[in-house]
Amino acid sequence: WNHAEQAVLSGTDEYSDHPELVAARLEVARQSAVEEIAERLEKAIYALDQDQLSYNLQQAHQLQMSFELYPVVPVAQQYLERIVECRNIVRNALQMMDQTELLYAVEYADSFNYNTEEVKFCRQMRDTVVQLEVDATYGCEVMVDSLLHDVVARADAIRYTSPAVEQIKTWLFETSEEKFVQLQLKAAVKASDPARVVNVTIRLKDIFLGK
């Protein structure tokens with residue numbers, strides 16, 4: 001090894017094919033690659049880049065990088081697993097278009113500051129659904145025609161449904177006009193809305209006269 005070491009230091013080629021020198025060169029090359037991978041993993045963690053995390057982790061495993069010497073490797077593995085899980089949760093929430101699932105998906109992404117275009121769209125859908133559910137609930141209370149039809153149109157546009165939305169659809173499409181207007185009258189009375197009580201009462205009388 002001393003001869004090999006001297007050859008390396010002197011830069012001569014006398015022992016260039018010496019097994020120990022070859023092994024030393026391979027180790028130097030390996031160590032350089034290991035340091036580069038560790039640096040790339042740190043950047044991938046910072047950027048939460050799934051592709052870079054996956055690729056460089058494969059390289060780290062091939063080079064058998066020590067977890068003790070390079071704790072960035074297990075940390076990167078944890079982040080990769082969270083990203084994969086988060087993307088599955090987000091896609092499932094968007095497919096189901098369920099308020100609870102959308103809320104959870106965004107909350108999970110926010111828990112480690114993951115904010116891709118897919119997550120941004122999920123957040124947008126969450127906000128849309130939350131507002132839609134508020135309007136649907138309010139619509140069930142006041143039973144104003146324009147609001148009810150607006151809720152149904154918006155819900156259908158994003159394939160959203162809920163008990164409140166289904167109730168509105170039942171009133172609009174499966175309930176007789178007379179029964180529906182009677183329910184509107186009750187809602188107007190409950191809301192203490194004199195003007196609407198008058199308007200709905202007139203509409204109800206017109207229905208009776210038209211029979």
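The values are calculated or read from the model by the stated rules, or taken from the named source; none is laboratory data. Note that the structure is a prediction, hence the values are computed from the model and not measured. Cβ placement follows ideal geometry from the backbone for every residue including glycine, while neighbour counts extend to all protein chains displayed. Side chains are part of the model used for accessible areas, which takes the heavy atoms of the whole protein and leaves out ligands, DNA and RNA. Shrake-Rupley method; radii C 1.70, N 1.55, O 1.52, S 1.80 Å.
Among Glu107, Glu42, Glu174, which one shows the highest mean-square fluctuation when the chain is modelled as a Gaussian network with alpha-carbon springs under 10 Å?
Highest fluctuation among the options: Glu174.
Helix-derived [θ] at 222 nm for the chain: sum -39500 (n - 2.57) over DSSP H runs of at least 4, divide by residue count, nearest 500?
-27000 deg cm²/dmol
With a 1.4 Å probe and all protein chains left in place, how much accessible area per residue does the chain have, in Å²? Walk me through the numbers before you get to the answer.
Working: 13110 Å² over 211 residues.
Counting only protein heavy atoms, the per-residue value for the chain is 62 Å².
Consider a paramagnetic label point 7 Å from the Cα of Leu204 along Cα→Cβ; state which residues of the range 170-191 have an amide N under 18 Å from it.
Inside the label zone: 171-172, 175-191.
Counting other Cβ atoms within 10 Å, keep those with at most 16, restrict to DSSP loop, and tell me which chymotrypsin sites (Phe, Trp or Tyr not before Pro) in the range 34-68 are left.
Phe67
Using only the alpha carbons of the range 71-185, determine the length spanned along each of the three principal axes and report them from longest to shortest in whole angstroms.
Taking the Cα atoms of the range 71-185, the three principal extents are 71, 18, 18 Å.
R0 = 41 Å: FRET efficiency of Arg159 with Lys179, Cβ-based, nearest 0.05?
0.90
Assuming R0 = 35 Å, can you tell me the calculated FRET efficiency for the pair Phe112 and Val189, based on Cβ-Cβ distance, to the nearest 0.05?
For R0 = 35 Å, the calculated efficiency reads 0.10.
Once the Cα gyration tensor of the chain is found, what semi-axes does its equivalent ellipsoid get, as square roots of 5 times the eigenvalues, in whole Å, sorted largest first?
Details: eigenvalues 1046, 29, 20 Å².
Over the Cα atoms of the chain, the semi-axes work out to 72, 12, 10 Å.
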